[in-house]
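The values are calculated or read from the model by the stated rules, or taken from the named source; none is laboratory data. As the structure is a prediction and not an experimental result, all values here were calculated from the model. Cβ coordinates were reconstructed from backbone atoms using ideal geometry, including for glycine residues, and neighbour counts include every protein chain displayed.
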Amino acid sequence: MLVNPESGFVYNANNTPYSATDGADNLKPEDFPAAIGLQENETNRSLRIAELTGDDEPIGRTRLLDIKFDQSYAQGSQTEAVIEEVLAEDWSDDEALAAAADHLRAWDRRTNRENTYAALGVLTVIREIRSSIDGSTPPAPAEAFREAVDWLMTHHGRIDPEWGEVNRLVRGEVSLPLDGGPDTLRAIYPAEIGETGILAAAAGDTWIALVEWNEAGEQTAEVIHQFGAATLDETSPHYADQAPLFADMKWRRALIERAAIEENAVRTYRPAWPD
């Protein structure tokens, strides 16, 4: 119902529809009956969009991609609330946990793959984030923090591994480090916190497209899939051939015109029904 807002910007990040643009045209709760049950909460992604677009500057390609692949948690986010509660605890009776709390306090709330604080931070908050998606009951923040420390020490022998050692894209024999995390704009969610010592990406960013039109109306597109075109055939060279590009937040050119398709074709054939 929000059409052509003044700012020219429309977004949704699984947040309330009452926040969908950065201008004055947002829908108003009072215009809709409460009985229809529209979502009213913000997500970290929507809060970060608001933080990153709160000015009058145009959003070009470079800035748009910086927003899309942003890896940070926002002020006022669910993550921030959990971390603050953990840091408000008195950990002085346990030297190891007190040191871990100091380490967590130094986290810049980013989830870049080189970050040596993100593993502890994300493992502390991930089940709280998951609870708002699947209705599960997360542990209290202090308990989640203790369990995060235990898991890291058990599987990595330290609380400060690089995030890319933990956060991985796994596809057959391919295992690649990833930036991003749960409810960041570079969205990466694991299926479980298991006993392998890694969080294997299972949801979040998957197929992505960047589509552009020039002044003549000519369209180009860049796309990427987290695995490859052969999603079921493990013997295919295309089973995981896009994974390295996806992990590095890069693209492949979409072949839109017939001539480009024919030029890049590996094999040309005509399918036929069996007799």
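A few notes on this one:
- Residue within region 7-30 that is under 20 Å from Arg186 (Cα atoms), within 24 Å of the chain's Cα centre (by Cα), touching a residue at least 24 places away in the same chain (Cβ under 8 Å) and part of a helix (DSSP H, G or I) present: no
- Within the option set Gln226, Gln242, being in contact with a Leu (Cβ under 8 Å, 6 or more places away or on another chain), touching a residue at least 12 places away in the same chain (Cβ under 8 Å) and either on the phi > 0 side of the Ramachandran plot or outside the structural domain of Thr124 (by TED's automatic domain parsing) (or both) holds for one residue only, Gln226.
- Qualifying position, being at positive phi, outside the structural domain of Ile126 (by TED's automatic domain parsing) and not hydroxyl-bearing (Ser, Thr, Tyr), among Gly37, Gly23: Gly37
- Residue identified as within 25 Å of Gln78 (Cα to Cα) and not hydrophobic (A, V, I, L, M, F, W, C) among Asp22, Asp31: Asp22
- Of all residue pairs spaced 6 or more apart or on separate chains, those with beta-carbon atoms under 8 Å, a first member in region 65-83 that is in contact (Cβ under 8 Å) with a residue 12 or more places away in the chain and a second member that is surrounded by fewer than 16 Cβ atoms within 10 Å (Cβ to Cβ) and among the small types (Gly, Ala, Ser) are Gln78/Ser132.
- Summed over region 238-274, residues that are among the basic types (Lys, Arg), surrounded by 10 or more Cβ atoms within 10 Å (Cβ to Cβ) and assigned to a loop (DSSP other than H, G, I, E, B) total 1.
- Looking at region 38-90, the helices (runs of 4 or more DSSP H) lying wholly inside it that each contain 2 or more residues that are closer than 22 Å to Ala221 by Cβ sit at 61-68.
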